[in-house]
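The values are calculated or read from the model by the stated rules, or taken from the named source; none is laboratory data. None of the values given here were measured: they were computed from a predicted structure. Every residue, glycine among them, receives a Cβ derived from its backbone with ideal geometry; neighbour counts consider all protein chains shown. Surface areas here come from the heavy atoms of the whole protein model, side chains and all, with no ligands, DNA or RNA. Shrake-Rupley method; radii C 1.70, N 1.55, O 1.52, S 1.80 Å.
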Amino acid sequence: GTTSPATNLNIQGDSGGVPPTTGGEGTSNGIFRVRDNYNVALDIGTKGSSPWTTWLQVADAASMGTEYPLSLQPNGGNVGIGTNDPDFPLDVNGHVRVGDVLRIGKNDGGTTPKTLYFGGTYGDTEEGTCTIERRLWATGTENQELLLFSGNDTATGSGSDRIRMKGNTILFDTY
């Protein structure tokens, strides 16, 4: 509580630190809680010490060790971290750390390429960057390849220098 709110809704209080991994009602350590009739709770709090981290945790209100998913923009729209104007579903301006696995795409049997683009070149377009891509085809015995290329990749397959791994063969293509 505060007698001098900074905004229309100002919730202020002491945070008990990071969210606990055990316990039930009354053990969230948060400053603010949104809870439904099914014991699903969203707690918001702060670490309470340097580096002054603010956290969100979705868990079972009766058993804090049971975590639930948190969806941002479930109906669509972009989310930005370090940017006020995100251009992609997740647009991060800065460094990103992945602890164990970075998964690109779904194993759904589709033939849509799975691609990593490395920007920073003139124009910074998808076709003008260094690219790592996995391509799949629905037919053939060698129905996939892994490419590393830099420059333009046109529909005719010409444009850039590339390294392709297809089947048990590594090809060095120069166009």
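Of all residue pairs spaced 6 or more apart or on separate chains, those with beta-carbon atoms under 7 Å, a first member in the stretch 106-117 that is within 14 Å of Ala138 (Cα to Cα) and a second member that is among the hydrophobic types (A, V, I, L, M, F, W, C) and open to solvent by less than 80 Å² (accessible area, probe 1.4 Å) are Thr111/Leu136. Counting the residues of the stretch 45-91 that are of a type in the set (A, V, I, L, M) and either open to solvent by 50 Å² or more (accessible area, probe 1.4 Å) or part of a loop (DSSP other than H, G, I, E, B) (or both) gives 7. Here the stretch 117-139 is the region considered, the condition is being farther than 12 Å from Ser150 by Cα and among the aliphatic types (A, V, I, L, M), and the residue that is modelled with the lowest pLDDT is Ala138. Of all the numbered requirements in (1) open to solvent by less than 50 Å² (accessible area, probe 1.4 Å); (2) at pLDDT below 80; (3) among the acidic types (Asp, Glu), Glu142 misses one, and that requirement is (1). Among the residues of the stretch 28-44, write down those that are in a strand (DSSP E or B) and open to solvent by less than 60 Å² (accessible area, probe 1.4 Å). Hits for the stretch 28-44 are Val40, Ala41, Leu42, Asp43, Ile44. For the stretch 97-118, the candidate set comprises residues that are surrounded by 10 or more Cβ atoms within 10 Å (Cβ to Cβ) and not hydroxyl-bearing (Ser, Thr, Tyr); within that set, the residue that is farthest from Ile81 (Cα to Cα) is Gly110.
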